[in-house]
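The values are calculated or read from the model by the stated rules, or taken from the named source; none is laboratory data. The shown structure was predicted, so the numbers you read here are calculated from the model rather than taken from an experiment. When we count neighbours, we look across all protein chains shown, and the Cβ atoms used for this are built from the backbone with ideal geometry, even at glycine. SASA here: full protein model, heavy atoms, side chains in, ligands and nucleic acids out. Shrake-Rupley method; radii C 1.70, N 1.55, O 1.52, S 1.80 Å.
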Amino acid sequence: MSGIPFKGLLFGLLELLSVYRGRGFRGHDSSGAGPSVAVVLGTQVLAGGRPSRTLEARVLHAARMYAAGGIDRLVVTGGLGKHPPTEAEVMARILGQDGVPDEAVEIEDKAESTWDSARLLADVLAGHGVREVLVVTDPLHCVRTAAAFERVGICARPEPVYSSPMWRDPWLRRGQFFRESGALVWYAMRYGVGGRSGR
């Protein structure tokens, strides 16, 4: 238990509560300035290779970011779930259909969890000289995602997808809040992940 970053965990839980209450992220800059690389986190793929509404919301948000300029590369991450193909492949397909060129998309298709995405992308991003990214996912999931990436040495800024059904539906938002609270505790115990201001 001595390896658990209690201070960082407390910060993470407080930030999660702040986000849940609609107060946004501490130090979040929504001006558009910042990293030129965005990592898009995968989630459920349905039968027939169809994206879930949550996955589609994340990818379309990322496509809009790219179209608006300032983002040079989108990294999609997510492995094979219950239904093929991988989450990353589905995301790359949607991005292509939305006009994002293939050369602007990098695929990581092995990750089975948020921690896997951070761990597997750490060396890839560092190899490209990338030390700071935006992480694109549901608002509440942003807290754990950013903390996990920072734990592996990548400075991560939340890019919350407020169009996600996981945020727009009050019941889904409440359920995700409790799941993410438990996941933050587990990540602190298992991987030493704390909040963004203290690992």
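Calculate what fraction, in whole %, of the accessible area of the chain sits on carbon and sulfur atoms when a 1.4 Å probe is rolled over the protein chains.
So the carbon and sulfur contribution to the accessible surface is 52 percent.
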Next on the checklist: Give me, ordered by chain and number, the residues 5 or more places off VAL161 or on other chains with an amide H under 5 Å from its own placed amide H.
Outcome noted: THR137, ASP138
Next on the checklist: Using only alpha-carbon positions, what ratio does the radius of gyration of the chain give when scaled by 2.2 N^0.38 Å?
Outcome noted: 0.95
Checklist outcome for this item: Once phi for every residue in segment 117-125 is put through the Karplus expression 6.51 cos²θ - 1.76 cosθ + 1.60 (θ = phi - 60°), the whole-Hz ³J(HN,Hα) values, with Gly and Pro written as x, are 4, 5, 5, 6, 8, 4, 5, 4, 5
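In segment 111-199, what chymotrypsin sites (Phe, Trp or Tyr not before Pro) fall in a loop by DSSP, with at most 12 other Cβ atoms inside 10 Å?
TYR162
Assign unit charges at the C-beta atoms only (+1 for Lys and Arg, -1 for Asp and Glu), then state the dipole size of segment 23-134 relative to its Cα centre in Debye, rounded to the nearest 20. List each step's numbers first, then the result.
Details: 12 positive and 15 negative charges, 99 e Å.
Computed charge dipole of segment 23-134: roughly 480 debye.
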Checklist outcome for this item: Computed about the Cα centre, the charge dipole of segment 88-147 from +1 Lys/Arg and -1 Asp/Glu charges at the Cβ has a magnitude in debye, to the nearest 20, of 240 debye
Next on the checklist: Going by average Cβ density within 10 Å per residue, which order do the peptides 5-15, 34-44 take, highest to lowest?
Outcome noted: 34-44, 5-15
Item to check | GNM flexibility winner over the chain from LEU74, LEU120, LEU184 (Cα, springs under 10 Å) | outcome: LEU120
Item to check | Dipole magnitude of the chain about its Cα centre (Cβ charges: Lys, Arg +1; Asp, Glu -1), debye to nearest 20 | outcome: 900 debye
Checklist entry - If you plug each phi of segment 78-90 into the Karplus form 6.51 cos²θ - 1.76 cosθ + 1.60 with θ = phi - 60°, what whole-Hz ³J(HN,Hα) values come out, in order, with x for Gly and Pro? => result x, x, 8, x, 5, 10, x, x, 5, 4, 5, 5, 5
Checklist outcome for this item: Under 18 Å by backbone N from the virtual spin label 7 Å along Cα-to-Cβ at ALA47, the residues of segment 72-109 are 81-86
